[in-house]
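Laboratory data are not the source of any read-out in this text; all were calculated from the coordinates shown. Note that this is a predicted model, so its numbers are computed, not measured. Because the Cβ atoms are built from the backbone with ideal geometry, glycine has one as well, and the counts that use them run over all protein chains shown.
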Amino acid sequence: MASEYLRWKYRDVQPDEKPTYTRTQKAKNWWHYHWAWVLLGALLLIAGGDILLNAMGFGVTQPDYQAAYIASAPLEEEAITALEAALASLGEDCNGDGRVVFRIQSYVDMASSGETEAAQYAAAAQVRLMADMESCESYFFLCADPEKVQENYQILARADGELAGLGEAPRVIAWESLPLAREETPALQALSGLWLARRGFWQERTCAYRAQCDALWEKLTEGVAP
């Protein structure tokens, strides 16, 4: 028995010969174990590229003019679309992209409703509005309560276009007083009760296309008493 065991123990064992794979077989084998990682990497690359392009402005329509809508209730989409079209028809192509775009940015504060979600949305709107003012995006302001806006932010302009200081009243115009309000467009009737104002700027900071925005303001308020 011992000799049989020793013969088995010290037998001449030859290692299995490693298989030889072609380049195609190697590629298939690698893909079999790594396809999920490749897919994940591609998705992350696409998402990252999209974020970068948007941040750089590629593929995003940049407005020539922008207004901030500040109220406790949202405007209907039909009213926003109609207002943007009406205001764009009075403006010019400031950025040279071949079209005139007027954008309404809504900052709605529904916190007074008492609902938890409404308070969260109001906080988010507050942050977006502060970012808007910090980057000087909106020149026009469409407000339900312009006195509250001025009290909170000290951002509106006097009749001469300069920033209203403490104790000075900004120029605010009732929507019904504007020539644009005389157009019998049903969607624009939702703007009744709102007030139009414009942003005042410190001398060293201003919005893009300030001269064109000033010109559009004059068109909008033509014939309106100061």
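Taking amide H positions as modeled 1.01 Å from N, with prolines and chain starts lacking one, no residue 5 or more places away or on another chain lies under 5 Å from residue 206.
When each of 129, 188 is scored by the number of other beta-carbon atoms lying within 10 Å, the sequence from fewest to most is 188, 129. If the chain linking residue 30 and residue 153 were pulled fully straight, counting 0.36 nm for each residue of separation and taking away their Cα-Cα distance, it would gain 38.2 nm. Model label points for residue 135 and residue 219, set 7 angstrom from Cα along the Cα-to-Cβ axis, are 2.5 nm apart.
Averaging 1/r over each pair of different alpha-carbon atoms in the range 132-195 and inverting the result gives 13.0 Å, the Kirkwood hydrodynamic radius. Arranged from fewest to most other beta-carbon atoms within 10 Å of their beta carbon, 209, 33, 153, 69 become 33, 153, 209, 69. Near residue 109, once Lys and Arg are set to +1 and Asp and Glu to -1 for all other residues with Cβ below 12 Å from its Cβ, the sum equals +1. Residues 182, 198, arranged from fewest to most other Cβ atoms within 10 angstrom of their Cβ, appear as 182, 198.
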